[in-house]
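The values are calculated or read from the model by the stated rules, or taken from the named source; none is laboratory data. Computed from a predicted model, the values in this text were never measured in an experiment. Glycine gets a Cβ as well: all are built from the backbone with ideal geometry, and neighbour counts include every protein chain shown. Areas reflect the complete protein model, heavy atoms only, side chains present, ligands, DNA and RNA absent. Shrake-Rupley method; radii C 1.70, N 1.55, O 1.52, S 1.80 Å.
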Amino acid sequence: MRKKIVAGNWKMNKTRSEAKKLLAEIDSYIQSHPPKCEVLVGIPFVYLENAKANHKNFGIYSEDISEHKSGAYTGEISAEMLTSIEADGAIIGHSERRQYHHETDEQIGAKVKIALDNGLNPIFCNGEVLEERKAGKHFDVVKKQTETALFGLTADEIKKVVIAYEPVWAIGTGETATPEQAQEIHAFIRSLIAEKYGKDLADSLSILYGGSVKPSNAKEIFSKPDVDGGLIGGAALNIADFSALIDAYAEI
Ligand code: PGA
């Protein structure tokens with residue numbers, strides 16, 4: 001059975017004291033309600049080291065990583081640095097990185113590779129923008145993003161990647177893909193992986209859905225056969241919503 005995952009993506013939110021509080025709340029919730037899924041949070045770089053030192057019951061991920069090993073890249077954070085503070089992994093290629101920092105599929109592929117080379121678990125994000133969806137190009141867009149970034153990996157490498165399909169038009173907008181839309185494209189992504197790496201490997205990969213997942217729609221989305229959890233922004237910022245999303249797996 002493949003891993004089911006509820007992943008938070010805090011983005012650029014929370015001061016130090018707010019971050020400490022929410023991490024402690026997540027930890028105590030997990031201890032009192034053992035989850036039926038893996039739980040992890042992507043948090044701002046500045047909080048990673050403390051978070052990792054204080055919380056062992058859920059994954060602590062960065063929200064980005066540099067594609068370079070080290071050197072003159074002002075402001076960047078390397079895979080080696082993340083490994084040295086024992087971060088568990090990194091969210092890579094989020095649509096906000098693609099949009100505001102012009103990250104390309106090639107760069108994103110290099111980030112996934114360097115994460116893997118350093119023992120970090122990558123969550124690779126893909127997804128189309130609204131115009132592409134309206135023009136019926138979403139399958140082509142997701143195919144190109146996935147093939148360019150991931151298909152240079154060996155089978156042993158890609159096995160360790162989690163994919164997060166996040167239609168850009170559904171992120172932070174309150175718009176959600178219908179469970180059927182999510183299932184359709186998740187199955188498509190899995191079929192791409194199966195063509196290249198074989199069905200067994202494709203069946204073992206977790207593919208998360210992201211884009212306005214909230215307690216009221218999570219169970220329906222997570223119940224779809226090719227949806228293995230969620231990458232969650234807004235609803236990961238408070239314990240009431242985030243714990244309800246973790247609980248969605250208790251009910252499936
Ligand atoms: P959202 O963000 O849940 O706020 O739509 C999801 C994401 O960007 O990962």
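Observations on the model:
- Pairs from K3/K196; K36/K159; K134/K196; K137/K219 whose Cα-Cα separation, in the structure shown, is over 25 Å: K134/K196; K137/K219
- Remark on E38: its backbone amide H falls under 5 Å from those of K4, I5, V6, a criterion applied only to residues 5 or more positions apart or on other chains, H modelled at 1.01 Å from N.
- Rounded to the nearest 20 debye, the dipole size of the chain about its Cα centre is 280 debye, using +1 on the Cβ of Lys and Arg and -1 on the Cβ of Asp and Glu.
- Of all accessible heavy-atom area on the chain, the percent that carbon and sulfur account for (1.4 Å): 52
- Per-residue HN-Hα couplings for the stretch 123-134 [Karplus 6.51, -1.76, 1.60; θ = phi - 60°; Hz; x = Gly/Pro]: 10, 8, 9, 9, x, 9, 8, 4, 4, 5, 5, 4
- Take every pair of alpha-carbon atoms less than 8 Å apart whose residues are at least six positions apart; their mean separation over the length of the stretch 5-251 yields a relative contact order of 21 percent.
- Rolling a 1.4 Å probe over the heavy atoms of the protein chains gives the chain an accessible area of 45 Å² per residue.
- Local electrostatic count, G93, Cβ distance below 13 Å [Lys/Arg +1, Asp/Glu -1]: -3
- For the chain, the mean residue ellipticity at 222 nm estimated from helices alone is -13500 deg cm²/dmol, where every DSSP H run of n ≥ 4 contributes -39500 (n - 2.57) and the total is divided by all residues, rounded to the nearest 500.
- Separation of the stretch 50-83 and the stretch 151-206, taken as the distance between their Cα centroids, equals 24 angstrom.
- Rg/Rg_globular for the chain, with Rg_globular taken as 2.2 N^0.38 Å and Rg from C-alpha atoms: 0.94
- Highest-first arrangement of 34-40, 161-167, where packing means the average Cβ count within 10 Å: 161-167, 34-40
- Qualifying lysines (Cα of each under 22 Å from Cα of K11; at least 8 residues distant if same chain): K20, K21, K52, K56, K111, K214
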